[in-house]
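Comments concern the structure below.
The values are calculated or read from the model by the stated rules, or taken from the named source; none is laboratory data. Since the structure is predicted, the reported quantities are computational estimates derived from the model, not experimental observations. All Cβ positions, even for glycine, are placed from backbone atoms using ideal geometry, and neighbour counts span all protein chains on display.
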Amino acid sequence: MDVDPILLSRLQFAFTIAFHILFPTLTIGLACFLALVEGLWLKTRDTRWRDLYRFWVKLFALSFGMGVVTGIPMSFQFGTNFSPFSTATGNVIGPLLGYEVLTAFFLEASFLGIMLFGWKRVGPGLHFFATLMVAFGTTLSAFWILSANSWMQTPQGHILGADGVFRVDDWWEVIFNPSFPYRLAHMVTASLLTTSFVVAGVSAWQVLKDRHADTARKALKLGIAAAAILAPLQLVIGDFHGLNTLEHQPVKVAAMEGNWKAGPDIPLLLFALPDEAAETNHLEVGIPGGASLILRHSTDGVVPGLTDVPAGDRPPVAIVFFSFRIMVGIGLLMIGMAWLGVLLRRRLPRSYLWGLAGMVPSGFVATLAGWTVTEVGRQPFTVQGLMRTADSVSPELQGPEVMTSLMLFAIVYHMVLAAFLYFAARAVRTGPVPDDRPAPQPALAPTATTTGDA
Amino acid sequence: MDLPLIWTAVIAFGVAMYIIMDGFDLGVGILFPFARDEAWRDVMMDSIAPVWDGNETWLVLGGAGLFGAFPLAYATVLPALYVPLILFLVALVFRGIAFEFRHRADTSRGLWNLSFAAGSTLAAFAQGLVLGSFVQGLPIENGRFVGDVLSFLTPFSVFTGAALVVGYGLLGATWLIRKTEGDLQARAFAWARGLALGLLAAIVAVSLWTPLTQEAIAARWFGMPGLLLLSPIPVLTAFCGLFLLLSLKARRENMPFLFAIGLFLLSYLGLAVSLWPYIVPRALTIWDAAAPPTTQLFLLVGVVLFIPLILIYTVIVYRVFRGKVRHGEGYHH
């Protein structure tokens, strides 16, 4: 079998990073949620907050562990599978990843130990501080990695040498490249929103099944309230992000809109089957002038078309087109569900609670769809307009070895995912059990002084 | 200011931190199958559960630091070591998830014991494969790997793989001596003694093997002035090994761990001397592979600002969890 190592390396990267991003998406939001809940516990001394903390920290620990083990391979895959890319861009994005490790990873990994295991060993103040540091660390890590990704989308601040190597001219410009603020805001909000629906959905189920429903109801309300604010906010941020993409990556926007020929009065397509060979769409259903109106705030506004660039410089249209619709569709559904919950807040019907429980995965699907839009939409480049994906993959690697590693990752990741879901579901079924163990006490003396040589 | 030289020191420091810190927690995993019962395994795992994640972060720092400061070395070595690196990463997945899953399991506990023990052992072995083939020198021409998928597999790399399993096992056993008491501690003393003898034999073997097969290394160690300048390294190693065995015999609780670390650091120094000034042996020197000064300086600022901070909160965490681990102490979340 003759398999293309380039395609395989890309598939492997896509699979491992898509799998990985599910967990940080949850842990960034959950860390913030836990900080809030612990703060409420310390402030109100209502033990239900403590019980909620001790329940959600279990899911957090499981999810964080998955994020760590699937994250470590990422820091090596640039080198193993994309060595020409690493040679070319290491000067620019290597230090950004370095800063992520220095400022964020050590912070979260170190204080995680206290957060998970230190409940009885440190005072409430230090424990709360540890939770805050973990929450801060997870968000800081998003800052650096999104800066690196955004530089690949909208590169600036560098000099591209004749040898094909990028060298940094201005770090400020590299870090705060044009798409970075929008992507950071969009992703952090996605993480918080995903978590809101996880918290609301899981709590809704616990209320339905009466797993410590009185406690779960507090988290349910918190989740709905957060979603009601975050979901509309995300729509606005997403719009700004889209306008930024229109300015800097017009071809990506053309693919998102499924628009082949640039021009005014372009419809907002609700459905279509893009045909790359014929450079047209089939079965279009659209709102006349809609795309022009959204992107240019006027039906006369010119929307870029895919045919603005040669066929070899276009992304795979259908993937971008449909992923975008999945993301936006879920986003609209989230707004609807959240506000329905606010309107019905006095008495939430069981059907609504079941609906919320069914939306636990919604944020993850939307996040993956959004990343598919932004990453596939950048193709056929790894660094927009400057370095092609085909020139980025390690030429040293042969098809069979990458095929083997890809299959190994796929099998192992799915195995651990199954175990993760099993243990997470079990924790959810048990629910936020009232915990009668003593609350955090001022630091206890160590259980035994270390005997020995010192 | 010689930035590549400073950066070499930074990376060397990071790798040393990784080897020692993840070394002892990988070692606890390597010793896992030899535990008498589940109660022992609970204690063994509890002794490292709050710190393993921070320990492993030094590996990520090594990867990211190499990517940023020596991108050419990163891009040359990593594809060349594809198979052992992928094995290593997959093994780390198995051991990493075992911490949470084993704690929550009741019927599947045996599965997570296996996942933890096999993952830790394979991770150590694959690291040794990487080390061995790296030291031997990879077939690289014009900055590109020209070997095949199995170039990493040599008698030497298999030997260093096994040696690293023994070495990490020793770090793990001496860690357990510090953190446990009673029967488990007594057994850890026995493990440590056997593993110490094994590691010392491996150090002697590698010290003979590399100069006999690589002229450049022989010339460095046995030529002048190398012989005089470098002789303290083997002498100190011998003393360190002797003190390690004596401290085990005297049932000291903290010293064996420190002497085991000493053995690792001296061996590491020995390898550095053998390979200097190459960052990719016999192919790229640290100056060939260095990123431009703008890049190295930018990241160095972060290192200078944050490494001291990282060390401070690492100390805080280790202090919070100091002392003996007792079974059923239940400081689990």
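Just one of A:T16, A:T25 is in a helix (DSSP H, G or I), within 21 Å of A:F197 (Cα to Cα), among the β-branched types (V, I, T) and out of contact with any strand residue (DSSP E or B) (no Cβ under 9 Å at 6 or more places or on another chain); which is it? From the options A:T16, A:T25, the qualifying one is A:T25. The set of residues in segment B:142-155 that are out of contact with any Asp or Glu (no Cβ under 8 Å at 6 or more places or on another chain) and buried (at least 17 other Cβ atoms within 10 Å of the Cβ) comprises B:S151, B:F152. Report whether or not A:L7 is assigned to a helix (DSSP H, G or I), over 22 Å from the mean Cα position of the chain (by Cα) and away from every other protein chain (no Cβ under 14 Å). Considered against the rule, which asks whether it is assigned to a helix (DSSP H, G or I), over 22 Å from the mean Cα position of the chain (by Cα) and away from every other protein chain (no Cβ under 14 Å), A:L7 comes out as yes. Do the conditions hold for A:V37, that is, is it assigned to a helix (DSSP H, G or I) and β-branched (V, I, T)? Considered against the rule, which asks whether it is assigned to a helix (DSSP H, G or I) and β-branched (V, I, T), A:V37 comes out as yes. Of the helices (runs of 4 or more DSSP H) lying entirely inside segment B:7-85, those containing at least 2 residues that are away from chain A (no Cβ under 11 Å) span B:38-46. In segment A:244-259, the condition of being surrounded by fewer than 16 Cβ atoms within 10 Å (Cβ to Cβ) and of a type in the set (A, V, I, L, M) is met by no residue.
For segment B:86-97, the set of residues classified as more than 8 Å from chain A (Cβ to nearest Cβ) and either surrounded by fewer than 23 Cβ atoms within 10 Å (Cβ to Cβ) or free of Cβ contacts under 8 Å to residues at least 40 places away in the same chain (or both) consists of B:L87, B:A91, listed by residue number. Against the numbered list (1) crowded, with 20+ Cβ neighbours inside 10 Å; (2) under 24 Å from the mean Cα position of the chain (by Cα), A:L233 comes up short only at (1). Considered as a group, the residues in segment B:124-150 that are within 14 Å of another protein chain (Cβ to nearest Cβ) and touching a Pro at 6+ places or on another chain (Cβ under 6 Å) include one that is nearest to B:A16 (Cα to Cα), and that residue is B:V130. Answer with yes or no whether B:G110 is assigned to a helix (DSSP H, G or I), without any contact (Cβ under 8 Å) to a residue 60 or more places away in the chain and within 21 Å of the chain's Cα centre (by Cα). No, not satisfied. Would you be able to say whether some residue in segment A:273-287 is under 19 Å from A:G329 (Cα atoms), in contact with an Asp or Glu (Cβ under 8 Å, 6 or more places away or on another chain) and part of a strand (DSSP E or B)? The answer is no, given that none of the residues of segment A:273-287 is under 19 Å from A:G329 (Cα atoms), in contact with an Asp or Glu (Cβ under 8 Å, 6 or more places away or on another chain) and part of a strand (DSSP E or B).
The residues in segment B:284-333 that are assigned to a loop (DSSP other than H, G, I, E, B) and either under 27 Å from A:G113 (Cα atoms) or more than 7 Å from every other protein chain (Cβ to nearest Cβ) (or both) can be counted, and the count is 14. Report yes if some residue within segment A:74-91 is more than 7 Å from chain B (Cβ to nearest Cβ) and within 25 Å of A:V428 (Cβ to Cβ); otherwise report no. No: zero hits. Counting the residues of segment B:111-126 that are out of contact with any helix residue (DSSP H, G or I) (no Cβ under 6 Å at 6 or more places or on another chain) and either at positive phi or not hydrophobic (A, V, I, L, M, F, W, C) (or both) gives 1. In segment A:95-102, the condition of being within 21 Å of B:P71 (Cα to Cα), within 22 Å of the chain's Cα centre (by Cα) and among the acidic types (D, E) is met by at least one residue. Limited to segment A:210-220, what total is found for residues that are touching a residue at least 40 places away in the same chain (Cβ under 8 Å) and surrounded by fewer than 16 Cβ atoms within 10 Å (Cβ to Cβ)? Residues that pass the stated criteria total 1.
Whether a residue is farther than 30 Å from B:G132 by Cα, hydroxyl-bearing (S, T, Y) and surrounded by 17 or more Cβ atoms within 10 Å (Cβ to Cβ) was assessed, and B:Y278 does not pass this test.
With respect to B:E253, determine if the residue is more than 24 Å from B:V28 (Cβ to Cβ), more than 20 Å from the chain's Cα centre (by Cα) and of a type in the set (D, E). The answer is no for B:E253. Select from segment A:24-81 the residues that are crowded, with 22+ Cβ neighbours inside 10 Å, farther than 20 Å from A:V202 by Cβ and touching a Phe, Trp or Tyr at 6+ places or on another chain (Cβ under 7 Å) and list them in ascending order. The answer is A:T70, A:Q77, A:F78, A:G79, A:T80, A:N81. For B:A69, indicate whether it is in contact with a Pro (Cβ under 9 Å, 6 or more places away or on another chain) and farther than 17 Å from A:T70 by Cα. Here the answer is yes, as B:A69 does meet what is asked. Determine, yes or no, whether A:R426 is surrounded by fewer than 17 Cβ atoms within 10 Å (Cβ to Cβ) and modelled with pLDDT of 90 or more. Yes. Within segment A:319-326, can one find any residue that is out of contact with any Leu (no Cβ under 9 Å at 6 or more places or on another chain) and at pLDDT below 95? No, the conditions are met nowhere in segment A:319-326. Filtering A:I114, A:I145 for residues that are more than 24 Å from the chain's Cα centre (by Cα), within 13 Å of another protein chain (Cβ to nearest Cβ) and of a type outside the set (G, A, S) leaves a single hit, A:I114. Restricting segment A:384-395 to residues that are surrounded by fewer than 23 Cβ atoms within 10 Å (Cβ to Cβ) and within 14 Å of chain B (Cβ to nearest Cβ) leaves a set whose member that is modelled with the highest pLDDT is A:M387.
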